[in-house]
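The values are calculated or read from the model by the stated rules, or taken from the named source; none is laboratory data. Keep in mind it's a predicted model, so treat the numbers as computed, not measured. All Cβ positions, glycine included, derive from the backbone under ideal geometry; neighbour counts span all protein chains shown.
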Amino acid sequence: MPKIIDVELTRLRIAKAAGKAIAAKGISAVTMIDIANTAGVTTGMITHYFEKKTDIIAAALRIPLLNMERHIGDLLEQGVTDLATLLDVAIPTSKSQVEDSVIWVNFWGLIAADSGFYKLNVALHCEGKRIYDRVIRAAWPESEEWPTGVFGTALRSIVTFVFGLSAGGVTNRSVWSSSVLRSQLEIHLRMVRHWAQQQAQ
């Protein structure tokens, strides 16, 4: 009897392997062979599931977003409402989160020179923004009363700051330790919340 292959699970496995290969070698240097070796499959199998390298990179970049969304959803179900705790998964405070951040920092470095990556970034940014929107509204119920412009500015400020923490945590771990990343996130969130409350009054 032929073996039944779960297409989505196989794609996910390859995407996770691509993330590990990218974290080790960088997006520019990683090859299909690197990804195949990491996944334990043939390059032919990879091209069966992904048409081109950009498609694999897109799938690898979505994994941190999926991890973040799942983690936040679990915490919200447990009744966690502290925004810094909810967003801790978005900054490189653990080994797996460092790997996730490395992929994104690699990607950001290539966007300006590649229009295809620029378009991909726009699409992925929209997906990520939806997650941040949800978690801010869940953690800060008063944000439902904020004017649209105030909420939008607060959202952009938080996303931008988290991106900066990710870059710092990847490029200079001796300065941007896990405790520093977390404390800076807490400080920034307090300032943004205070500013937004004042603007909404």
Those residues that are part of a helix (DSSP H, G or I) and closer than 11 Å to Ser166 by Cβ, I need them from region 92-106; list them, please.
Gln97, Val98, Asp100, Ser101, Val102, Ile103, Trp104, Val105
Whether any residue in region 22-37 is surrounded by 18 or more Cβ atoms within 10 Å (Cβ to Cβ), of a type in the set (Ser, Thr, Tyr) and closer than 20 Å to Gly116 by Cβ is what I want to check.
no
Just wondering, is there one or more residues in region 66-86 that are part of a helix (DSSP H, G or I), within 30 Å of Ala200 (Cα to Cα), at pLDDT 90 or above and among the polar types (S, T, N, Q)?
yes
Residue pairs qualifying under the 8 Å Cβ cut-off, at least six apart or on distinct chains, with the first in region 114-142 being small (Gly, Ala, Ser) and the second being surrounded by 12 or more Cβ atoms within 10 Å (Cβ to Cβ) and not in a helix (DSSP H, G or I), are Ala138/Thr81; Ala139/Thr81; Ala139/Asp82
Taking the condition of a type in the set (Asp, Glu) and touching a Pro at 6+ places or on another chain (Cβ under 9 Å), does Asp100 pass?
yes
Residue in region 31-50 that is among the small types (Gly, Ala, Ser) and under 19 Å from the mean Cα position of the chain (by Cα) present:
no
Going by the structure shown, is Gly149 more than 12 Å from the chain's Cα centre (by Cα) and within 17 Å of Pro64 (Cβ to Cβ)?
no
Return only the number of the condition from (1) more than 15 Å from Val98 (Cβ to Cβ); (2) touching a residue at least 12 places away in the same chain (Cβ under 8 Å); (3) not polar (S, T, N, Q) that Gly152 does not satisfy.
(2)
Being among the hydroxyl-bearing types (Ser, Thr, Tyr) and closer than 25 Å to Val180 by Cβ is the filter; apply it to region 49-107 and report the residue that is surrounded by the most Cβ atoms within 10 Å (Cβ to Cβ).
Ser101
Please indicate, with yes or no, whether at least one residue in region 37-52 is closer than 20 Å to Trp108 by Cα, small (Gly, Ala, Ser) and part of a helix (DSSP H, G or I).
no
For region 1-21, enumerate the residues that are touching a Ser or Thr at 6+ places or on another chain (Cβ under 8 Å) and either under 21 Å from Asp114 (Cα atoms) or among the hydroxyl-bearing types (Ser, Thr, Tyr) (or both).
Ala18, Ala21
Could you please tell me which pairs satisfy a Cβ distance under 9 Å, a separation of 6+ or placement on different chains, a first residue in region 164-188 that is over 19 Å from Gly26 (Cα atoms) and in contact (Cβ under 8 Å) with a residue 24 or more places away in the chain, and a second residue that is assigned to a helix (DSSP H, G or I) and of a type in the set (Ser, Thr, Tyr)?
Leu165/Ser101; Leu181/Ser166; His188/Ser157
Selected residue [modelled with pLDDT of 85 or more and on the phi > 0 side of the Ramachandran plot] from Gly40, Gly26
Gly40
Have a look at Ala59, Ala29, Ala17, Ala21 and point out the one that is touching an Asp or Glu at 6+ places or on another chain (Cβ under 7 Å) and not charged (D, E, K, R).
Ala21
